[in-house]
Amino acid sequence: MNINEKIRYEKDEHLTILRVTESAYLIEDDRNATAYVVTGTQRALVVDTCFGYENYAEVVASITDLPTIVVNTHAHGDHCGGNGYFEKSYIGEAELPQYENATRPGARTDGAPAACPAEVLHEGDTIDLGDRKIEVIHFAGHTPGALCLLDRKERILYTGDSILGRTVYLFMQNSVSVSEMKKSLLHIKEFSDGFDQLATGHGRTLDPVTYIDALIDACDTILAGAPADRFGTIEVHGMTLPCCYYPGENDMQATLIYREDLVR
Ligand SMILES: [Zn+2]
């Protein structure tokens, strides 16, 4: 595949594979999940496993035959649903309780385990792909133990659902407070000399780093309670929730959706 080439995955019409850089591939599931494969010289990093409607190990094998290291950015079923096709994965420590009970809408039903055992990664750990080491950064926000992964060689930050260009869900059962979210965003900026683009957990291509400042501004706006024209409400999962607008994909207004009890 050439860079920027996009192909349909032959065994599942919902999946496409887009080669985004020399060594990174974006796997888009049109049921609304995005995962990545990053190939080094000795190993490949698998960032999330989508829903698991298909044999995800085979999807990865269609891209590379390198041995794989699977990391879940967090424990939601659209990010770890395909873990059952691997022997083990890595995840942030505070995600473990959720990982055990994650809803995996597409998880395998052939009698094999729906998920593999997960081991813990911490801030500062690295994942050795041979030609470079991917750095692990903890990001408490959307979920408390989410991980971002920094590839300084290709200057990409893999963000999962912690930073997104269309909407950020800061209303999950275990989402952190708005001020903790802001703290995590400021922490990520400490690494900003290492990346120029974001690979997000629901992106369709690589995204600009400007979402980080836009989300910091949204957090400040929520904490200040003004100006009023930055706020709205949105229906999601059958609930009406408050949101704050920030500049997102294709100059569209994106929404940071939150809960009033997290405004602190
Ligand atoms: Zn999520």
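For this structure, a couple of remarks:
- Partner lysines for Lys133 [C-alpha distance under 23 Å; skip if fewer than 8 residues away on the same chain]: Lys88, Lys153, Lys189
- 222 nm mean residue ellipticity, helices alone, for the chain (DSSP H n ≥ 4; -39,500 (n - 2.57); rounded to 500): -4500 deg cm²/dmol
- Cα gyration tensor shape of the chain, rounded if a/c is under 1.5, else prolate or oblate by comparing a/b with b/c: prolate
- Across region 206-221, rounded Karplus estimates of 3J(HN,Hα) from the backbone phi angles (6.51 cos²θ - 1.76 cosθ + 1.60, θ = phi - 60°) give 6, 10, x, 6, 4, 4, 5, 5, 5, 6, 4, 4, 5, 4, 4, 5 Hz, Gly and Pro being marked x.
- Amide H to amide H distances under 5 Å link Tyr90 with Val70, Val71, Asn72, Glu119, where only residues 5 or more positions off or on other chains count and H is placed in the peptide plane.
- Taking GluC sites (Glu not before Pro) across region 95-138, the ones in a DSSP loop with at most 15 further Cβ atoms lying within 10 angstrom of their Cβ are Glu123.
- For Val209, residues with placed amide H under 5 Å, excluding near neighbours: Leu198
- Pairwise centroid distance, computed over Cα atoms, of region 143-204 with region 1-55, Å: 20 Å
- Protection proxy ranking for 149-159, 3-13, using the average of other Cβ atoms within 10 Å per residue and placing the highest first: 149-159, 3-13.
- Net charge over other residues, Cβ less than 11 angstrom from the Cβ of Met172 (K, R count +1; D, E count -1): 0
- Three-way shape label, region 61-182, alpha-carbon gyration tensor, a/c 1.5: oblate
- The charge dipole of the chain, taken about the Cα centre with unit charges on the Cβ atoms of Lys, Arg (+1) and Asp, Glu (-1), comes to about 120 debye, rounded to the nearest 20.
Throughout, read-outs are computed from the coordinates displayed, never taken from laboratory work. Nothing here was measured: the structure is a model prediction, and the numbers come from that model. Reconstructed Cβ throughout: ideal geometry from the backbone, glycine too, with neighbour counts over all protein chains shown.
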